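Quick notes on the structure that follows.
The values are calculated or read from the model by the stated rules, or taken from the named source; none is laboratory data. Since the model is a prediction, treat every value here as computed from it, not as a measurement. Reconstructed Cβ throughout: ideal geometry from the backbone, glycine too, with neighbour counts over all protein chains shown.
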Amino acid sequence: MRVFYYLELALRSFRRNRVLTALMVLAIALGIGTSMTTLTVLYILAGDPLPGKSDRTFYVQLDAEGKENYQPGGEPNVQLTRADAEALLRARRADAQAMMTGGEGAIQPSEAGREPFHVDVRYTSADFFSMFDVPFARGAGWTEREDEARARVAVISKQLAEKLFAGSDAVGRTIRLDQHELVVSGVLDAWRPTPHFYDLFTGAYEQAEQVFLPFSTSRDLDLERMGNIDCWGEQSMTPTALVAPCAWIQFWVQFEHRDQAAAYRDFLVHYSEQQHESGRFVRPPNVRLRNVMEWLDEGKVVPSDVRLQTWLAFAFLAVCLLNTVGLLLAKFLRRSQEIGVRRALGASRRAIFVQFLVEAGSVGLVGGVLGLGLAWLGLWAVRQQPQDYASLAALDPSMLAVTFVLAVASSCAAGLLPAWRAAHVTPALQLKSQ
Amino acid sequence: MLQMKNISKLYRTELVQTHALRALDLNVRAGELLAVTGPSGSGKTTLLNIAGLLEDFSAGEYRLDGVDVRGLSDDARSRLRNQKIGFIFQSFNLIPDLNLFDNVDVPLRYRGLGRAERKQRIESALERVGLASRMKHYPAELSGGQQQRAAIARALAGEPPLLLADEPTGNLDSQMAREVLEILEQLNAQGATVVIVTHDPEIAARAQRNVHIVDGVATDLEAGPALIRGSEKRLGPIFAA
Amino acid sequence: MDFFPILAALRRHRTAAVLIILEIAFTCAMVSNAVFLISERLRRMDRASGIAERELVRIQVTGPGRQENAQAVTQEDLARLSGIPGVRSAASSRQLPFGNSSWNSGLTVAPDQLHASLNASNYVGSETLFETLGVRLVAGRDFTRDEYIDEEAALQSTATLPIIVTRAVSERLWPGENGLGRIVYMGPGHPLRIVGVLEQLVRPNELRGIGDFELSVVLPVREKYKPNDNYVLRVDPERRAEVLAAAVAALGHSRHNRLILKQQTLEEMKNEYYRADRGMAWLLVSVCAALLIITALGIVGLASFWVQQRTRPIGIRRALGATRGQILRYFQAENFLLATMGIALGMLLAYGINQLLMQRYELGRLPAQYLPIGALSLWILGQLAVLGPALRAASVPPAVATRTV
């Protein structure tokens, strides 16, 4: 196959022009390295945290606030009041639904002499685990009945189980959270949804919580909450009271088919109208029902700095490629005599074009390998950053493939003009006698 | 082999129009040894370029080995050039990055031949010009005469019916020039059509036929008797490397 | 130097010339914006917080909310902490600048106003908060001891409580005045009279928008222990580490089942807060450096190629009497011309990019002074890059003109 001949010629040409080739490879490698580092970070941060289910899982928003600061058509509060969340949960109008909010507390290990330590907690309801495909290593979550009964039950993370029970089965054992005893019903497997989509207030890329327990139980035990709380109107009671005019609960629903969302939306509007009639809702119905990706988009989860960095890296790649075009042009036209000779010996313009395009692509291939190394280095540097998403920055197989495709494609693109110019060298001019 | 009728070539720049060739007729039969002579700027190089399909012409008709070249795509021309024509240039035009083996290989690669066949042809071509032992050498390591012989081997390897030589002896001293000329004569004797552009009268004298070009117009001249001066005509490999 | 023949000569090498111009243009545009971005980030990090950053350390404590007599817990903690050698002043505070956790309220200037005039962060802490944080009053006074009331009382009260605001709040609500004596409302039943105006006290975070970083108010609420409270100590800068260790030990003794969540100096908090900006600034610096290097190498590569292509004309010129210096200057002039065209295009591109950034990333307009900086650096870069090839051109011997092969 003639391509192998061209690859051989390319290799020879590299050896002949070591410095120039090294320069081109370096430029491409730098461009590819920075682009792939930022692209990988973006890809990780902007990914779908619930693949397969994200288009039929929705976040609910209602407008329960008062007259103050009312903008017709504005965004309703990001969270629900406790009263609304519990009402929607009881209504059970979706195939699965869960209310949840963040919490925190201190775990006291049972062995004497061990210090208590702080954990992040999630107060939620039974459907949480099945809705979000949370993997269990042992045991299972709790049931609806246990929700209603305010059972003293909890699900703990893999790390916590290891820390407290070091290898032995944690299911059925007890943990002490803020002086209260809870029975472990299940231990999770490693789980880190990226982003931490179900509650963006506790850190968009944070690790998942260590302890999960029923929301009802958390109120019974008056456990500490964590996250954002918005209160309005008369501040006459504890914000976490059932009828307090405060929004601090997240509410997610899931359907078998995403077309069912429309009907649920109607239900939400109807519910808002009912609340309005009873005098609780002051504003007209203003509901939102967004699926996971829409919700993440609205919440502007991906930090704008990350987007900016990605654009910067690609602009840098563009300059590197522009540079490569010039260097390739110089490299190819330097061989005008050779081109003339080859044309005289029977090479068509197309053959010359392909020959030099292959050479450009080979530079890209080598640059891609080096660029991959640089990207790996770049991601290592990102992992050293203290950002909460830092530890997630790693190359995965699909990004690896993208690196090579990008390197070869971009260097071929850079080589198009120089190869075309090479192919159109006038043989007669190169060969003439003095 | 080569039939040109009414060929004109016009060079246009912003200010002037130059007629490199005017209404040129030329018929070269297969197996002829033709010398094309004329003063500098007469258009002989242009004629060679057109004959070799390296340049296009403004008017007229050109048939190469029966094929009308007008309207042929670049791909078709290149293929024709590869299969029918072997070039020999004044400044040898070997590719400096490649050794002799790879230089002779170039036209064969564009022919699409397999490895074994290419190897066999290259080796036999280099043998014919007496450079088989220098196969792995680079052009820079050879003398002018050797380089030209290598260029001839390259022209031969594909066994084209037509050889076009542009001042083949121009950069060589008289001894090497004679050697090169003898090879060309040999090849002609073995059946190749050879067209040599030259302003060396000695070559003109040895050719069977002369075409003289002045100001873009060709005139056939009767060649002088084939004077053999100072060298012997021998058949087979000419000299030891 | 007559530029027309140079231009004419360049026309024959159009493609390569265009490439150099484009490369310089892009580099100029990107570097100008990058340098601007860097300076914006540095400016951001330099903002005055209003507190004595270098003299403060904080310990964040968490643990059960149910404390018997939380007020006593706070007093006990503060007494212990004040007793540590090196501590000039100790206070408890629920919020801290750069602390990220915040409590925000809308303020109105009339009781029945429906839309908040602005949203400010609230600070509540112990009576010693002002002297510990080191904030400065520009008008009015600090709260008196008896003005402090308990949280529950504050919720129930309808009396006009005192409030201290930052100058930014006062400017926003009553431009030109200092707001002393004015009344603001945090909800219809809660009038507050401004008794003091602080020069500066930034919010704990910027979640409400970058422009409102300076809108804070302080409330005379006697803070008692709640999980995630901060104890902040004012110490001599050199003794910070020592005091921090002692404080952690001291609080550890009177546990009340609490945990120490964080222990750090305020400077560390500030660094953590601005880490994204710092990272961005470093990234921009590296990209600028890389861009300049690559552009320089590109110029070297193409210029070398040109010199090689034009060896004969150069030799001819030398044979006709041109000096080495004249050949050198020719190439430098050629490079200068290309750089100028590139920079001109680059300026336009710079503004275009700036427009995009303004729209999507809350950046300001590129100030004009960055353009001469960008231009100058690229001119110098180009001249340095072309020096090598130009010197090589100048050393082409005149004999080249006569050689035919």
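Worth pointing out:
- Top-ranked residue in region A:174-190 [being surrounded by 16 or more Cβ atoms within 10 Å (Cβ to Cβ) and touching a helix residue (DSSP H, G or I) at 6+ places or on another chain (Cβ under 7 Å); ranked as nearest to A:Glu209 (Cα to Cα)]: A:Leu188
Table: residues versus (1) modelled with pLDDT of 90 or more; (2) of a type in the set (S, T, N, Q).
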| site | (1), (2) |
| --- | --- |
| C:Thr15 | no, yes |
| C:Leu19 | yes, no |
| C:Ser39 | yes, yes |
| C:Val87 | yes, no |
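- Of the residues A:Gly113, A:Gly47, A:Gly103, A:Gly52, the single one that is within 30 Å of A:Ala161 (Cα to Cα) and outside any loop (DSSP other than H, G, I, E, B) is A:Gly103.
- Check on A:Ser110, surrounded by fewer than 17 Cβ atoms within 10 Å (Cβ to Cβ), among the hydroxyl-bearing types (Ser, Thr, Tyr) and touching a residue at least 40 places away in the same chain (Cβ under 8 Å): yes
- Candidates A:Asp220, A:Asp199, A:Asp189, A:Asp169, filtered to the one that is among the acidic types (Asp, Glu) and either modelled with pLDDT under 90 or farther than 25 Å from A:Ala96 by Cα (or both): A:Asp169
- Residue in region B:80-90 that is among the polar types (S, T, N, Q) and touching a helix residue (DSSP H, G or I) at 6+ places or on another chain (Cβ under 8 Å) present: yes
- Looking only at region B:200-241, and only at residues there that are surrounded by 11 or more Cβ atoms within 10 Å (Cβ to Cβ) and basic (Lys, Arg), the one that is modelled with the lowest pLDDT: B:Lys233
- Boolean, C:Glu242 is touching a Pro at 6+ places or on another chain (Cβ under 9 Å), within 11 Å of chain A (Cβ to nearest Cβ) and surrounded by fewer than 20 Cβ atoms within 10 Å (Cβ to Cβ): no
- Count of region A:251-290 residues, restricted to those that are more than 13 Å from A:Pro76 (Cα to Cα), under 25 Å from the mean Cα position of the chain (by Cα) and surrounded by 15 or more Cβ atoms within 10 Å (Cβ to Cβ), is 7.
- For region C:359-372, filtered to residues that are surrounded by 13 or more Cβ atoms within 10 Å (Cβ to Cβ) and either modelled with pLDDT of 90 or more or under 15 Å from C:Val35 (Cα atoms) (or both), the residue that is nearest to the other protein chains (Cβ to nearest Cβ) is C:Leu363.
- A:Leu327 out of contact with any Gly (no Cβ under 6 Å at 6 or more places or on another chain) and either crowded, with 24+ Cβ neighbours inside 10 Å or in contact (Cβ under 8 Å) with a residue 24 or more places away in the chain (or both): no
- Of all residues assigned to region C:15-32, none qualifies as being within 26 Å of C:Glu214 (Cβ to Cβ), within 14 Å of another protein chain (Cβ to nearest Cβ) and touching a Ser or Thr at 6+ places or on another chain (Cβ under 9 Å).
- The numbered conditions (1) assigned to a helix (DSSP H, G or I); (2) away from chain A (no Cβ under 11 Å); (3) not aromatic (Phe, Trp, Tyr) are all true for C:Ala322 except (1).
- Top-ranked residue of region C:154-183 - restricted to ones that are within 14 Å of chain A (Cβ to nearest Cβ) and touching a strand residue (DSSP E or B) at 6+ places or on another chain (Cβ under 9 Å), ranked as surrounded by the most Cβ atoms within 10 Å (Cβ to Cβ): C:Leu161
- For B:Gly216: the one exception among (1) away from chain A (no Cβ under 14 Å); (2) within 16 Å of the chain's Cα centre (by Cα): (2)
- Within region B:128-182, being free of Cβ contacts under 8 Å to residues at least 40 places away in the same chain, within 14 Å of chain A (Cβ to nearest Cβ) and part of a helix (DSSP H, G or I) holds for no residue.
- Scanning region A:107-119 for residues that are within 14 Å of chain C (Cβ to nearest Cβ) and farther than 27 Å from A:Phe197 by Cβ yields A:Gln108, A:Pro109, A:Arg114, A:Glu115, A:Pro116.
- Scanning region C:45-70 for residues that are at pLDDT 90 or above and part of a helix (DSSP H, G or I) yields C:Met45, C:Glu53, C:Arg54, C:Glu55.
- Qualifying residue in region A:98-105 (condition: over 30 Å from C:Gly106 (Cβ atoms), surrounded by 19 or more Cβ atoms within 10 Å (Cβ to Cβ), within 14 Å of chain C (Cβ to nearest Cβ) and over 26 Å from the mean Cα position of the chain (by Cα)): yes
- The set of residues in region C:126-152 being closer than 17 Å to C:Arg94 by Cβ and among the aliphatic types (A, V, I, L, M) consists of C:Leu129, C:Leu133, C:Val135, C:Ile149.
- Candidates C:Gln95, C:Gln67, filtered to the one that is surrounded by 16 or more Cβ atoms within 10 Å (Cβ to Cβ) and within 14 Å of another protein chain (Cβ to nearest Cβ): C:Gln67
- Condition met for A:Ala347 (without any contact (Cβ under 8 Å) to a residue 24 or more places away in the chain and either on the phi < 0 side of the Ramachandran plot or away from chain B (no Cβ under 14 Å) (or both)): yes
- Criterion (away from every other protein chain (no Cβ under 14 Å), among the small types (Gly, Ala, Ser) and assigned to a helix (DSSP H, G or I)) met by exactly one of C:Ala303, C:Ala339, C:Ala276: C:Ala339
- Some residue of region C:389-397 being free of Cβ contacts under 8 Å to residues at least 40 places away in the same chain and either more than 40 Å from the chain's Cα centre (by Cα) or part of a helix (DSSP H, G or I) (or both): no
- Selection from region C:271-318 of residues that are without any contact (Cβ under 8 Å) to a residue 40 or more places away in the chain and of a type in the set (Ser, Thr, Tyr): C:Ser286
- Considering residues of region B:63-78 that are assigned to a helix (DSSP H, G or I) and buried (at least 18 other Cβ atoms within 10 Å of the Cβ) only, the residue nearest to the other protein chains (Cβ to nearest Cβ): B:Ser78
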